[in-house]
């Protein structure tokens, strides 16, 4: 039977980084991963970054809905259409605002017999854990029914902070194993059992934040990226974009994390939907994005 592993965690915690690590490791060991990505806006942008690791037919991008509620049927249908494979494993990356408890409650109902009961891995940003102000409740929800918690951004934290966060995580979910990405043994993931922890209810609809995207023309230099990211209101928790810089032939990907950090890296191939700027969070508005782009350019 095939394991289903869902990856959850707050916006910018490192879910996609973990997903890539799992894909690379599984492929190197002869496994056949199938990946499902979910986001409010342009999940294909992240899917594009995986086609050098696994075939496009093994990747499914679900955009415009939340897989823990309005998109659960589409998610379940997508899982049930996954073909039987030798040493198959299914990896699902949920959007950063998912109600992780509801996702696990609903996903396991109505799956084909080829699949084991889904298990959940939560990614926790050690540096920013429970520093989300109005969004702390959502972040806490995302670890409560996980079988495994993976800590990220460890290099930016003190030993005291490390101990404090682990103590808080254990109070919320005493059953989960807590490790770092370097400690993951993928051969043991499929043997994890669904969590026995009792979760607190979350009013999930209040985390259904606005999202939007717009076309992004070529930018003159990398400073334009920084200026665009800084001009976007702080209420918007996640900023992503992909475009060309100057006369470069290849595309460049960038993102602004909830703590304001900006990351820039090469983009793999050509974005399916074309160069885009997208945002997720309260205040996302396409006219605001267009005005910012026009001002910066």
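Coordinate-derived values only; no laboratory data. Everything numeric here is computed off the predicted structure, so don't read it as measured data. Cβ atoms come from the backbone with ideal geometry, glycine included; neighbour counts cover every protein chain shown.
What does the convex hull of the alpha-carbon atoms of the chain project to on average, in nm²? Mind showing how you got there, number by number?
On the way: hull surface 59.2 nm².
Seen from a random direction, the Cα hull of the chain projects 14.8 nm² on average.
I want the antiparallel fraction of DSSP beta bridges within the chain, as a percent rounded to 5. Could you put the intermediate results ahead of the total?
Numbers: 21 of 53 bridges.
The antiparallel fraction comes to roughly 40 percent.
Tell me the mean residue ellipticity at 222 nm calculated for the chain from its helices only (DSSP H runs of n ≥ 4, each -39500 (n - 2.57), averaged over every residue, nearest 500). Numbers along the way, then the final one.
Details: 9 runs with 80 residues, N = 297.
Calculated at 222 nm, the ellipticity per residue is -7500 deg cm²/dmol.
Could you work out how far apart the two model spin labels at residue 263 and residue 247 are, taking each label as a point 7 Å from the Cα in the direction of the beta carbon, and quote it in nm?
Between residue 263 and residue 247, the simple spin-label model gives 3.2 nm.
Kindly work out what percent of the DSSP beta bridges joining two residues of region 172-297 are antiparallel, to the nearest 5. Walk me through the intermediate numbers first.
Details: 21 of 22 bridges.
Restricted to region 172-297, the bridges split so that about 95 percent are antiparallel.
Could the peptides 213-220, 13-20, 52-59, 144-151 be put in order, highest first, of the mean number of other beta-carbon atoms found within 10 Å of their residues? Write out the running numbers ahead of the final one.
Working: 213-220: 16.6, 13-20: 20.5, 52-59: 14.4, 144-151: 24.1.
By packing density, highest mean first, the sequence is 144-151, 13-20, 213-220, 52-59.
Tell me, what does the Kirkwood hydrodynamic radius of region 44-202 come to in angstroms if you use every pair of distinct C-alpha atoms? Kindly include the intermediate steps, with their values, before the conclusion.
Details: mean 1/r = 0.0587 Å⁻¹.
Result for region 44-202 stands at 17.0 Å.
Given a cut-off of under 8 Å on Cα pairs at least six residues apart, what relative contact order in percent is computed for the chain?
Taking the mean separation of contacting Cα pairs over the length of the chain, I get 20 percent.
More than 20 Å apart: what percent of Cα pairs in region 209-296 qualify? Working shown, then result.
On the way: 1001 of 3828 pairs.
For region 209-296, the fraction of Cα-Cα distances above 20 Å is 26 percent.
Beyond 20 Å, what share of the Cα-Cα pairs of region 1-133 is found? Please give it as a whole percent. Present the calculation step by step, with values, prior to reporting the outcome.
On the way: 3613 of 8778 pairs.
Every Cα pair in region 1-133 considered, those over 20 Å come to 41 percent.
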